[in-house]
1. Which of rounded, prolate, oblate describes the chain, given a ≥ b ≥ c as roots of the alpha-carbon gyration tensor eigenvalues and a/c under 1.5 marking rounded, otherwise prolate only if a/b is larger than b/c?
2. Tell me, what is the percent relative contact order of the chain, built from C-alpha pairs under 8 Å that lie six or more residues apart?
3. Roughly what would the spin-label model give for residue 40 and residue 3, points 7 Å off Cα along C-beta, in nm?
4. What is the calculated FRET efficiency for residue 25 to residue 52, with r their C-beta to C-beta distance and R₀ = 22 Å, to the nearest 0.05?
5. How large is the helix-only mean residue ellipticity at 222 nm for the chain, computed as the sum of -39500 (n - 2.57) over DSSP H runs with n ≥ 4, divided by its residue count, in deg cm²/dmol to the nearest 500?
6. How far, in nm, would the chain grow between residue 139 and residue 75 when pulled straight, counting 0.36 nm per residue and subtracting the alpha carbon separation?
7. Where does each of 199, 161 land when they are ranked from fewest to most other beta-carbon atoms within 10 angstrom?
8. Please work out the FRET efficiency for the pair residue 147 and residue 84, using the Cβ-Cβ distance as r and a Förster radius of 25 Å; give the result to the nearest 0.05.
Ligand SMILES: *Cc1c(COP(=O)(O)O)cnc(C)c1O
């Protein structure tokens with residue numbers, strides 16, 4: 001488990017250096033440790049090394065692990081596809097959701113967020129890929145959806161999230177993230193508070209930070225390759 005401690009320190013260093021290179025505040029980025037397919041023991045090791053934000057992609061898997069870690073003040077982020085029959089446990093157990101991409105899901109999360117909990121922090125997931133079944137709202141739909149989400153009392157719209165399509169030329173990743181940043185800036189200009197950007201993973205987080213990311217989601221670099 002000492003590996004996790006070293007890996008985390010290394011990732012934090014790299015985030016800090018990327019922020020310095022971009023002339024940004026050294027604490028302008030939140031690191032979400034993506035713990036999907038990792039054990040509760042590995043998560044606890046990262047927690048002991050000072051990590052507080054963790055991301056899970058599968059509701060079923062998270063529901064099995066969260067009770068084992070109940071005593072730790074972890075801030076949980078849901079970063080996977082949301083099926084509408086799984087919104088309740090997400091609304092109940094997570095502090096952040098990065099993957100809201102349609103109104104129906106937002107309405108359910110809003111309705112199911114427990115009243116004793118603070119509003120659920122939400123990123124709206126954007127897709128630039130028009131292939132059917134692809135997660136994320138199309139760019140043209142984002143403004144209306146953001147406005148609707150901003151009006152829901154149990155949700156707090158924080159910003160935009162996107163994942164570059166697999167196989168995107170590495171030379172084009174900066175432009176991809178720049179486009180998301182510009183979309184967020186446009187929304188803020190139109191009066192929709194939507195200033196954060198969830199962008200960047202193990203393979204590209206330094207580029208994302210150069211383009212204004214405020215939240216990176218990193219799994220492999222911290223925990224090693226996922227089994228299977
Ligand atoms: C798995 C996953 C990550 C982490 O990917 P790594 O390449 O392991 O850092 C980040 N974001 C999302 C949405 C994921 O599903």
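1. oblate
2. About 21 percent, as a whole number.
3. 2.2
4. 0.75
5. -12000 deg cm²/dmol
6. 20.1 nm
7. 161, 199
8. On the way: r = 21 Å, r/R0 = 0.85.
Calculated transfer efficiency: 0.70.
Rule-based calculations on the coordinates, nothing more; no lab input. Computed from a predicted structure; not experimentally measured. Every residue, glycine as well, gets a Cβ built from its backbone with ideal geometry; the counts of neighbours run over all protein chains shown.
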